[in-house]
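What follows is a set of notes on a single structure, which appears directly below.
The values are calculated or read from the model by the stated rules, or taken from the named source; none is laboratory data. Since the model is a prediction, treat every value here as computed from it, not as a measurement. Neighbour counts are summed over all protein chains in view; Cβ atoms, including those assigned to glycine, are modelled from backbone coordinates with ideal geometry.
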Amino acid sequence: MRLNQWALSGDWTIESRASALNRADGGIAFRFHARDLHLVLRQGERGTSVPFRVQVDGEPPGDARGIDVDEEGHGMVAQPRLYQLVRQRGSITDRTFEITFLAPAVEAYVFTFG
C-alpha cells in the first residue's frame, strides 16, 4: 500500500459514520507516517468485549505498542472510545499497521495520529 492508503479484510458493512465487522477475523490495514496511531472503536453490543491483535510491519509491535496494546499486540475493545494502538519510539518512519478483530460486532470510526 502507498502512504495514507487503507484496506479492509473480511465481512464488513460500510455505513455513513462507521465500518461494522460482521464476522470474526476481519481486519483493517493502514500505511501511515506518524509517531502515534489511534483508532476510535466501539463494540457492537453493550457489555461485551471484542479482542483484537495489532501488527506493525507484519510483526507484533513490541516497543512500538500504544497504551491499549501489549508487546505481543493483543488488546480488547471494551467500551466506545479512542484506542492508542501504536506509539513509535525514536525516529518516525513509514509503517504498515494491521489490526485483526477476533470476534464480530465491532465498529471502527476514524483514525487519528500524533
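Values computed for the structure shown
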item	result
Region 57-80: number of residues that are of a type in the set (V, I, T) and either outside any strand (DSSP E or B) or farther than 21 Å from S19 by Cβ (or both)	2
Selection count where residues are touching a residue at least 60 places away in the same chain (Cβ under 8 Å) and in a loop (DSSP other than H, G, I, E, B), scope region 30-54	5
Subset of region 78-95 [touching a strand residue (DSSP E or B) at 6+ places or on another chain (Cβ under 6 Å) and either modelled with pLDDT under 95 or surrounded by 15 or more Cβ atoms within 10 Å (Cβ to Cβ) (or both)]	Y83, Q84, L85, V86, R87, R95
Flag if R35 is of a type outside the set (A, V, I, L, M, F, W, C), at pLDDT 95 or above and in contact with a His (Cβ under 9 Å, 6 or more places away or on another chain)	no
Residue satisfying all of: in region 25-72; among the polar types (S, T, N, Q) and farther than 21 Å from S9 by Cβ; nearest to the chain's Cα centre (by Cα) among these	S49
Residues of region 17-29 satisfying the condition of being under 19 Å from Q55 (Cα atoms) and assigned to a strand (DSSP E or B)	L21, G26, G27, I28, A29
Those residues of region 81-113 which are under 11 Å from F32 (Cβ atoms) and not in a strand (DSSP E or B), in sequence order	Q88, I92, T93, D94
Qualifying residue in region 27-47 (condition: polar (S, T, N, Q), surrounded by 15 or more Cβ atoms within 10 Å (Cβ to Cβ) and farther than 11 Å from E98 by Cβ)	yes
Near pairs, Cβ below 7 angstrom, 6+ apart or cross-chain, from region 55-68 (buried (at least 21 other Cβ atoms within 10 Å of the Cβ)) to any residue that is polar (S, T, N, Q) and not in a strand (DSSP E or B)	A64/Q88
